[in-house]
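One structure below.
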């Protein structure tokens, strides 16, 4: 057993790099990459994973010859940082006045949002309430049972002359994962119902409809002007049955959570 542990310890560097390479490949191909970075950086992430995999394989084949105090210190430092970032700071600081997590809020809490019904009704039909991030994930997985269901999503309207000419506009919301500075505008091109005028630019709209395949010649990256990061679905668009204008709810402009099944966060 001691010999086995010694063998694994000698190859720990290589195994760690291989594990990180595997995680990066999963994140860029299967995971929710858009929650962390703009999808256009996925090739760069895959390139980094390839380099890590090669270095990790080499390190695993050529293990270190003997234990090193420096290597042990590096892993202990890494473990300490993981503990601190996963709640250790709050536990150690307790109720110290300088603890940033113990400062009382200066603004009153917002009024709780009204509960969202399991179905929204438009034109006498029922639609599943969902946010643009959750629907983006469904569209990214391609045709499945969830792809063909009727949905209601809401967001901010963006228009431009090219979209107007095709009877479309972009509907998006800002997804916040770690911080506002890293917010990503996530949304869809929305095809207007027949005979319906487009909503005002920058207005807040609830769209009722279904996902549809985007034409092959229109599956290009669309970048929202004024947004540092945007993820507008390329392979799918939202075919609207009905549009409903509404006042902008300040506390719901951003998306802070995404669910993979009903009830969705909406």
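Shown is the FRET efficiency for residue 162 and residue 265, computed with R0 = 30 Å from the Cβ-Cβ distance and rounded to the nearest 0.05: 0.45.
For an R0 of 22 angstrom, estimate the FRET efficiency from the Cβ-Cβ distance between residue 71 and residue 23 and round to the nearest 0.05.
Numbers: r = 21 Å, r/R0 = 0.96.
Efficiency computed from Cβ-Cβ geometry: 0.55.
So between residue 47 and residue 254, what do we pick up on full extension, going 0.36 nm a residue minus the alpha carbon distance? Display every interim value, and only then the final one.
Numbers: separation 207, 0.36 × 207 = 74.52 nm, distance 3.15 nm.
Full-extension gain reported as 71.4 nm.
For a paramagnetic label modelled on residue 148 (point 7 Å from Cα along Cα→Cβ), amide N atoms under 18 Å away belong, within the range 198-223, to 209-214. With the simple model of a label 7 Å out from the Cα in the direction of the Cβ, residue 200 to residue 79 spans 6.0 nm. Rounded if a/c is under 1.5, else prolate if a/b is larger than b/c, else oblate: which is the range 120-255, with a ≥ b ≥ c the root eigenvalues of its Cα gyration tensor? Verdict is rounded for the range 120-255.
Remark: 243, 15 ranked as 15, 243, counting other beta-carbon atoms within 10 Å and listing the fewest first.
Bear in mind that the values in this text are calculations on the coordinates, not laboratory data. Note that this is a predicted model, so its numbers are computed, not measured. With ideal geometry, Cβ positions are generated from the backbone for all residues, glycine too; neighbour counts draw on all protein chains shown.
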